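Student: Structure in structure tokens, see below.
The values are calculated or read from the model by the stated rules, or taken from the named source; none is laboratory data. Being a predicted model, the structure only gives us computed values, none of them experimental. Here Cβ is always computed from backbone atoms with ideal geometry, including for glycine, and neighbour counts include all displayed protein chains. For accessibility, only protein heavy atoms count, side chains too; no ligands or nucleic acids. Shrake-Rupley method; radii C 1.70, N 1.55, O 1.52, S 1.80 Å.
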Amino acid sequence: MEVIIQRDYQQMSRVAAQLVVDVLNTKPNAVLGMATGSTPLGLYQELVRLHQAGQVDFSRVTTFNLDEYVGLPANHPQSYHHFMDEHFFRQVNIPRHNINIPSGTTSNYPAFCQWYEGRIAECGGIDVQILGIGSDGHIAFNEPTSSLSSRTRLKTLSKQTIDDNARFFEHREDVPVYAITMGVGTILDARKLLLVASGKTKAKAVAQAVEGPVTSMVTASALQLHRDAIVIVDEEAAAGLTMREYYEFIYAAKPAAPRT
Ligand code: F6R
């Protein structure tokens, strides 16, 4: 696993966006795995900026989102469909038919999940999967105790995640209890993983994921099993890491690494 520590959120977002652009430069028809939540917003803003500056083209890109709340229609302001439209898809040139987001309103969840997995495979698999991390250590909505080989499925959100996400809803009771989410196994199948984390509320989860044991209690720790996983954190999110000097030494010695 590669750990990149940046001074702040903006710089973390820039470095992450550049890594996505690097993938698109070598493979213009790459399949991108998308995450929602507040952390990747800066990354998306930077990709939009680079697109508007003519430095990156998404016309051949296909995307798959990690997850969606069950019960929220695509036009609900808190749905991940709406989030992605608002913050990214509307501002870049990805063909609509290349955008895939789990349905929060299907009448048959097991069939839909199977279809979603099949569709990822049909598209050749995910080249780079963007990830955030929950304060309980989750990736996508793979809550503590999720199997590390799980596939796309319906998942009950943990109390911690409901509390964390209540900030986006008017009342805590409005937060959906279920989500449809890619599994940890689905995520590990991506060719490259890019996890971004910012702020002190993520410091413990980041330390557990990067330096703790691989455990289903912290599903982000499964990144340790992946051969090309990059974790980009800001200072606050890096606060619990004990091997910091080592990560910085490796990053400084890397000739092609993006510089601040
Ligand atoms: C959302 C997702 C979640 C978030 C995580 C962190 O698609 O996959 O795992 O990445 O809950 O959310 P924020 O960034 O809002 O702290």
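Student: Nearest 5 percent is fine: what portion of the DSSP beta bridges confined to the chain is antiparallel?
Tutor: Values: 9 of 31 bridges.
In the chain, DSSP labels about 30 percent of beta bridges as antiparallel.
Student: Let me ask another. For segment 109-260, what's the relative contact order in percent, using C-alpha pairs closer than 8 Å and at least 6 residues apart?
Tutor: Values: 268 pairs, mean separation 39.9, N = 152.
In percent, rounded to a whole number, it is 26.
Student: Given a 1.4 Å probe, how much area per residue of segment 35-193 is accessible, in Å²?
Tutor: Details: 6700 Å² over 159 residues.
Per residue, segment 35-193 has 42 Å² of solvent-accessible surface.
Student: Right, here's the next one. Cα-based Rg (one decimal) and Dmax (whole number) for segment 138-243, in Å?
Tutor: 14.0, 41
Student: In debye to the nearest 20, how big a dipole does the chain give about its Cα centre with +1 on each Lys and Arg Cβ and -1 on each Asp and Glu Cβ? Walk me through the numbers on the way to the answer.
Tutor: Values: 23 positive and 27 negative charges, 81 e Å.
Here the size comes out at about 400 debye.
Student: Positive end of the charge dipole of segment 148-255 (Lys, Arg +1 and Asp, Glu -1 on Cβ, about the Cα centre): tell me which of Leu241, Thr201, Ser149 has its Cα farthest that way.
Tutor: Ser149
Student: Hey, what number do you get for the chain at 222 nm if only DSSP H runs of n ≥ 4 count, each worth -39500 (n - 2.57), divided across all residues, to the nearest 500? If you can, show how the numbers build up before the last one.
Tutor: Working: 8 runs with 83 residues, N = 260.
After summing the helix terms and dividing by residue count, I get -9500 deg cm²/dmol.
Student: Now, a different point. If one computes the Cα centroid of segment 215-254 and of segment 80-102, what distance in Å separates the two points?
Tutor: Result: 29 Å between the Cα centres.
Student: Let me ask something additional. When you count, for each residue, the other Cβ atoms within 10 Å and take the mean per peptide, how do 60-67, 115-122, 226-233 rank with the highest first? Can you show the working numbers first?
Tutor: Values: 60-67: 22.2, 115-122: 15.0, 226-233: 20.0.
Result, highest mean Cβ count within 10 Å first: 60-67, 226-233, 115-122.
Student: Which percent of the accessible heavy-atom area of segment 48-178 goes to carbon and sulfur, probe 1.4 angstrom? Spell out each step's value before the answer.
Tutor: Working: 3040 of 6070 Å².
About 50 percent, which is the carbon plus sulfur part of the accessible surface.
Student: With +1 on each Lys and Arg Cβ and -1 on each Asp and Glu Cβ, how big is the dipole of segment 133-196 about its Cα centre, in debye rounded to the nearest 20?
Tutor: 360 debye
Student: Another question about this same structure. For segment 159-234, give the magnitude of the charge dipole about the Cα centre (Cβ charges: +1 Lys/Arg, -1 Asp/Glu; no others), in debye to the nearest 20.
Tutor: On the way: 9 positive and 9 negative charges, 49 e Å.
Taking the Cα centre of segment 159-234 as origin, the dipole is about 240 debye.
Student: Can you pull the percent of Cα pairs in the chain with separation above 30 Å? Before the final figure, lay out the partial values.
Tutor: Values: 7223 of 33670 pairs.
Result: 21 percent of Cα pairs exceed 30 Å.
Student: Taking only Cα atoms and a 10 Å spring cutoff, compute GNM fluctuations for the chain and point out the largest among Gln160, Gln45, Gln11.
Tutor: Gln160
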